[in-house]
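So the structure is just underneath, and the comments pick up after that.
The values are calculated or read from the model by the stated rules, or taken from the named source; none is laboratory data. All figures in this text were calculated on a predicted structure; none of them were measured in a lab. With ideal geometry, Cβ positions are generated from the backbone for all residues, glycine too; neighbour counts draw on all protein chains shown. Only protein heavy atoms, including side chains, enter the accessible area calculation; ligands, DNA and RNA are left aside. Shrake-Rupley method; radii C 1.70, N 1.55, O 1.52, S 1.80 Å.
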Amino acid sequence: MRALTWQGRRDVRVETVPDPVLQQPDDVIVRITSTGICGSDLHLYEVLGPFLDPGDVLGHEPMGVVEEVGPEVTAVARGDRVVVPFNVSCGTCFMCAQGLHSQCETTQVHAYGSGAALFGYTKLYGQVPGGQAEYLRVPFGNTLPIKVPDGPPDDRFVYLSDVLPTAWQAVEYAAVPPGGSVTVLGLGPIGDMATRIARHRGAETVIGVDLVNDRLERASRHGVTCLDLRRHHKDLADTIRELTDGRGTDAVIDAVGMEAHGSPVTKAAQWATGLLPDALAQPFLQKAGVDRLGALYAAIDVVRRGGTISLSGVYGGAMDPLPLLQMFDKQIQLRMGQANVWRWVPEILPLLTDDDVLGVDDFATHHLPLEDAAKAYATFQAKEDGMIKTLLRP
């Protein structure tokens, strides 16, 4: 089959690799019909190379049609249309029963002290082959695939794999009160969707911050008050307080993560680490790695006293300095973590089957064949061609 493989920093290639096969009696094989490129895929493209091997298949936002099922699979059958969550979760362990599928005890990666395995996302999370491919082996066939109805195009359902549950959890964790206010830092796919979900769930004031014109214009069309970071870099918090009776917003969602704009020294350190041999770079990143914290520092400044910060952007630093005095003084509540996909599916799926409440049908800015994946990664990383969300068609 054809699949997108990692070969090195800023080097991904579509190659012919072996077809996946059933390995366990409850496995299924899914023929992929749509698969997204996620903002966190760019962390693999730039920063997390020491935890990848050449040839690793990337991607964690797939959906498709069941082609083959193991002898113990009863929940889905050949020909069923399914979305594959990015968490590789069993659905039956203690953590899954708590709705913490990203902490699944069956697939936790003990070698690195990590939570549940993820599709297409480094040794830190199990080095499981990903879904930017023609076919994907999916374990836990009775509990992991999300069966969706025939009829609407893939764009209606594919975001159940990551974008929708990640944005939904970000808003849930932000605990925006009814009629309250929220600032969303970063208007990429997760941040953009988080603004839509926040408005759907009753937030009265939704402020979005970014520095890419296409993202700002797109969010503005959905009723978001948008601030251009290029203009408000030094007075962002003051500007937001002026919009919120001098307090700041009730909540802030950081949808940026470890590669925030700015922080040139930290950026240089990340690049230098990536040039080290893996045997040196891996322990350094695990024990002394740092993130670009511009977005998180902004969140701490912007949120009102007693407010909540919700982190959905991926962070990985073990030595990140945090302003704990300010956080304690402002009585900030902080929630974070990988999205627990299946926890939120029952709440989100009715919004997709009845009508396009969240505007997913035209959420993608680009639809490209899988063979164009390498070019799409480069375009997405450079924030060019108006690319905000890309779906690949194997």
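At a glance:
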{"quantity": "Net charge of Cβ neighbours under 9 Å - reference residue 37; Lys, Arg +1; Asp, Glu -1", "calculated": "-1"}
{"quantity": "Measure of compaction for the range 1-125 (Cα Rg per 2.2 N^0.38 Å)", "calculated": "1.10"}
{"quantity": "Contour minus Cα-Cα distance for residue 24 and residue 225 (0.36 nm per residue)", "calculated": "67.4 nm"}
{"quantity": "Rounded percent of accessible protein surface that carbon and sulfur make up, the chain, 1.4 Å probe", "calculated": "52"}
{"quantity": "Additional length obtainable on full extension of the chain from residue 98 to residue 67, 0.36 nm per residue less Cα span", "calculated": "8.0 nm"}
{"quantity": "Computed FRET value (nearest 0.05) for residue 331 with residue 245, which takes r as the C-beta separation and R₀ as 25 Å", "calculated": "0.90"}
{"quantity": "Estimated FRET transfer efficiency when R0 is 35 angstrom, pair residue 15-residue 385 (beta carbons, to 0.05)", "calculated": "0.90"}
{"quantity": "Answer label for mean projected area of the Cα convex hull in nm² (calculated), chosen among [x] 18.0; [y] 47.6; [z] 20.3", "calculated": "[x]"}
{"quantity": "Label point distance in nm, residue 305-residue 77, each placed 7 Å from Cα along Cα→Cβ", "calculated": "6.3"}
{"quantity": "Per residue solvent-accessible surface (Å²) - the chain, probe of 1.4 Å", "calculated": "41"}
{"quantity": "Efficiency of FRET from Cβ geometry, residue 372 and residue 105, R₀ 35 Å, rounded to 0.05", "calculated": "0.35"}
{"quantity": "Mean residue ellipticity (222 nm) of the chain, computed from DSSP H runs ≥ 4 via -39,500 (n - 2.57), nearest 500", "calculated": "-8000 deg cm²/dmol"}
{"quantity": "Total formal charge among the other residues, if their Cβ is under 15 angstrom from that of residue 246, Lys/Arg +1 and Asp/Glu -1", "calculated": "-1"}
